[in-house]
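The values are calculated or read from the model by the stated rules, or taken from the named source; none is laboratory data. Model, not experiment: these values are computed from the prediction. In this analysis, Cβ positions are derived from the backbone assuming ideal geometry, glycine residues included, and neighbour counts consider all displayed protein chains.
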Amino acid sequence: MSKIYEPLDDFKTVDLPEKQLPFWKIAGPGAILVGLSIGAGEIVIWPRITAEYGSSMVWAAVFGVFLQLWINFEVGRWTIATGETVFTGYSRIWRGFGPLFILLIIVGWIAPGWARESGAALKALIFNPKWQADNFLGSDTFWTIITFAAASLILFGPKLVYKSVENTVEVLVAVVTIGLILVAIMVGSLDKWKELGAGIVNIGYKDPNMSVKDLFIALVFAGAGGTANLFYTFYLRDKNIGMGARIPGLRNPLRERTEKVPATGFLFEETEENRNRFADWWGYIKRDQILFFWALNTFTILLFIFGALAVLHPQVLEKGIEAVPSKNQLIFDEADILGNSFGEFGRRIFLMVGVATLFGTQLALLDGVGRSISDIIYTNFKGAQKRSLSWWYLLIVGIWIVAGCVITYVMEQLNVSGLGFLFSAAYMGGFAMALYVPLTLYMNRRFLPSFAKPKAISTIMMLIASAVYIGFAISSIIWELKRLIG
């Protein structure tokens, strides 16, 4: 094993940096997670469930976001206390977790569903869904290349990768939120809001026609989901939050020389000063996650659900189950129904929301995947630190873009839906969460100073989250086996 892995240095002992700026001056990491969260779960999975089943299971969307709030708290706790990524923390427990998480990230995110669908929505917004259908210029592959090219300019245009991602995602989230509010105003009624409220308090209900697998997928993608929650660790470091201030931010290797980034982090002595500084940073994490991730994410997912409840579900009640939009048509069907009722303005508003939602997720995923895999390689494998972390990031992102375009082309030739792969990504992401949620709790309780360890409420909520994801993972495996045998 020693021939494969680079030895992990012990934590260096330093004081925790002091929090000197007010919250709004350093806000941002939580907003990027919202950009990830308003992807397929909000615009596709939950609206489709609502179209078919009405508001009866909306409670699960609210519950899913709430569970992930506590997961993000613990990811943030590790990074503000050590400056390390959670992936390095997992490797401190067992070196095999490095390669395992690379595998989970690849399996979970390699199919470019978001890129393909954001390209399709962009084409529909500019022209129409059937524009140049028999020509390469109208193909999903061409428009996927367009969206990847745009993402590349955002990632590799400025000197600091993080700032560009943060600014772009914040604008996209604003577009989505304003657009959804306009849609809700256009289609809303008091009865529909009451119906939505009844679904929120209908806790524990599962429609008999919904499989445990589909509910697992819906629960995972209510929020960031899969390994995407772990990307928070990078945004905190690059924003100089807590001990992350002692780690240089990721620089664009195409723009300037990059500096060597430490592979391991720090711990602080249990002094009164460090205790107070940790309390300040922990307060930041709570505000960042409660305001941005939990409140804004819950608000937007409920607006998406409300739109489907008002626009799509009545079609199903009138015409039957065959009126449920297919996975790859839902965005366009909802846009067309809005167009029929409110003219071209309504149609374009929803398509604009679709583009902003899917491209924001595509951009944040491309960045997060590149950071995660490059960090794991750089930290764990012998010889990797002969190259800079930024070099590895450029390599991984470049490979990911090329692979995404090739996979889109193959999928298009085989007439395979892009959104079908998003459902598979959520499914695999659920199994990843069943692993890393209890692992994160164990890591924080094992390594951190006593006053920085998770307290009772955090521990209880992480145990509940662990039980939920592990329980659904086991139930889904049993469901799959019964389906195969039966």
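Can you tell me which residue among Ala222, Ala150 is within 20 Å of the chain's Cα centre (by Cα) and outside any helix (DSSP H, G or I)?
Result: Ala222 is the single residue among Ala222, Ala150 that is within 20 Å of the chain's Cα centre (by Cα) and outside any helix (DSSP H, G or I).
Cβ-Cβ distance below 7 Å, separation of 6 or more or different chains: which pairs start in segment 411-426 with a residue that is surrounded by 16 or more Cβ atoms within 10 Å (Cβ to Cβ) and end on one that is modelled with pLDDT of 70 or more and not in a helix (DSSP H, G or I)?
Close Cβ pairs satisfying both conditions: Glu412/Ser139; Phe421/Ala111; Ala425/Ala111; Ala426/Phe221; Ala426/Gly225.
Within segment 457-468, can you find the residues that are crowded, with 16+ Cβ neighbours inside 10 Å and without any contact (Cβ under 8 Å) to a residue 60 or more places away in the chain?
Thr459, Ser466
Can you pull out the residues in segment 228-246 that are surrounded by fewer than 24 Cβ atoms within 10 Å (Cβ to Cβ) and either in a loop (DSSP other than H, G, I, E, B) or polar (S, T, N, Q) (or both)?
Lys239, Asn240, Ile241
Output the qualifying pairs, or none if there are none: Cβ atoms under 6 angstrom, residues six or more apart or on different chains, first residue in segment 50-68 and hydroxyl-bearing (Ser, Thr, Tyr) and surrounded by fewer than 19 Cβ atoms within 10 Å (Cβ to Cβ), second residue at pLDDT 95 or above and in a helix (DSSP H, G or I).
Listed pairs, sorted by first residue: Ser56/Gly199.
Which one is nearest to Asn167 (Cα to Cα), of the residues in segment 334-369 that are crowded, with 20+ Cβ neighbours inside 10 Å and without any contact (Cβ under 8 Å) to a residue 40 or more places away in the chain?
Arg347
Can you name the condition, by its number, that Trp131 falls short on among (1) closer than 30 Å to Lys3 by Cβ; (2) without any contact (Cβ under 8 Å) to a residue 40 or more places away in the chain; (3) touching a helix residue (DSSP H, G or I) at 6+ places or on another chain (Cβ under 6 Å)?
If we test Trp131 against (1) closer than 30 Å to Lys3 by Cβ; (2) without any contact (Cβ under 8 Å) to a residue 40 or more places away in the chain; (3) touching a helix residue (DSSP H, G or I) at 6+ places or on another chain (Cβ under 6 Å), just (1) comes out false.
So, Glu18, is that one assigned to a loop (DSSP other than H, G, I, E, B), within 21 Å of Gly368 (Cα to Cα) and either basic (Lys, Arg) or over 15 Å from the mean Cα position of the chain (by Cα) (or both) or not?
no
Residue check, Val261 against (1) modelled with pLDDT under 95; (2) under 30 Å from Val14 (Cα atoms); (3) in contact with a helix residue (DSSP H, G or I) (Cβ under 8 Å, 6 or more places away or on another chain); (4) surrounded by fewer than 18 Cβ atoms within 10 Å (Cβ to Cβ), all met but one. Which one?
Val261 satisfies all of (1) modelled with pLDDT under 95; (2) under 30 Å from Val14 (Cα atoms); (3) in contact with a helix residue (DSSP H, G or I) (Cβ under 8 Å, 6 or more places away or on another chain); (4) surrounded by fewer than 18 Cβ atoms within 10 Å (Cβ to Cβ) except (4).
Would you confirm, using the coordinates I've provided, whether Asp375 is touching a residue at least 24 places away in the same chain (Cβ under 8 Å) and of a type in the set (Asp, Glu)?
yes
Working only within segment 272-297, note down all residues that are without any contact (Cβ under 8 Å) to a residue 40 or more places away in the chain and more than 19 Å from Phe23 (Cα to Cα).
Glu272 - this is the single residue of segment 272-297 that is without any contact (Cβ under 8 Å) to a residue 40 or more places away in the chain and more than 19 Å from Phe23 (Cα to Cα).
For every residue, the table says whether it meets (1) of a type in the set (Lys, Arg); (2) surrounded by fewer than 24 Cβ atoms within 10 Å (Cβ to Cβ); (3) farther than 19 Å from Leu296 by Cα.
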{"residue": "Lys3", "(1), (2), (3)": "yes, yes, yes"}
{"residue": "Glu18", "(1), (2), (3)": "no, yes, yes"}
{"residue": "Ala31", "(1), (2), (3)": "no, yes, no"}
{"residue": "Ile43", "(1), (2), (3)": "no, no, no"}
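If we keep just the residues of segment 91-144 that are more than 29 Å from Ala432 (Cα to Cα) and among the acidic types (Asp, Glu), which is modelled with the highest pLDDT?
By that ranking, first place goes to Asp140.
Cβ-Cβ distance below 6 Å, separation of 6 or more or different chains: which pairs start in segment 434-456 with a residue that is surrounded by 19 or more Cβ atoms within 10 Å (Cβ to Cβ) and end on one that is among the acidic types (Asp, Glu)?
Correct list of pairs: Thr440/Glu74; Asn444/Glu74.
Could you tell me which numbered condition Val176 fails, if it satisfies all but one of (1) farther than 26 Å from Gly346 by Cα; (2) part of a helix (DSSP H, G or I); (3) out of contact with any Phe, Trp or Tyr (no Cβ under 8 Å at 6 or more places or on another chain)?
The one condition Val176 does not meet is (1).
Please work out which residue is surrounded by the fewest Cβ atoms within 10 Å (Cβ to Cβ), limiting yourself to segment 121-147 and to residues that are hydrophobic (A, V, I, L, M, F, W, C) and more than 28 Å from Val397 (Cα to Cα).
Only one residue fits best here, namely Ala133.
Restricting to segment 50-102, and then to whatever is among the charged types (D, E, K, R), part of a helix (DSSP H, G or I) and closer than 20 Å to Met462 by Cβ, can you tell me which residue is farthest from the chain's Cα centre (by Cα)?
Going through the qualifying residues, I end up with Arg92.
Search segment 224-256 for residues being of a type in the set (Val, Ile, Thr) and modelled with pLDDT of 95 or more, and hand back the single one that is nearest to Gly28 (Cα to Cα).
So the residue we want is Ile241.
Give me the pairs, please: first residue somewhere in segment 181-200 and at pLDDT 90 or above, second residue anywhere and of a type in the set (S, T, N, Q), beta-carbon distance under 7 Å, and either six or more positions apart or on two chains.
Close Cβ pairs satisfying both conditions: Glu195/Ser55; Leu196/Ser55; Ala198/Ser55; Gly199/Ser55; Gly199/Ser56.
Looking at segment 473-486, I want the residues that are among the charged types (D, E, K, R) and have a partner that is not in a helix (DSSP H, G or I) with Cβ atoms under 9 Å, at least 6 apart or on another chain. Which pairs are those?
The qualifying pairs are Arg483/Ser211.
Using the structure shown, decide if Ile105 is surrounded by 17 or more Cβ atoms within 10 Å (Cβ to Cβ), under 30 Å from Val201 (Cα atoms) and within 15 Å of the chain's Cα centre (by Cα).
no
Of all residues in segment 309-331, which are in contact with a Leu (Cβ under 8 Å, 6 or more places away or on another chain) and at pLDDT 70 or above?
Leu309, Val311, Leu312, Ile331
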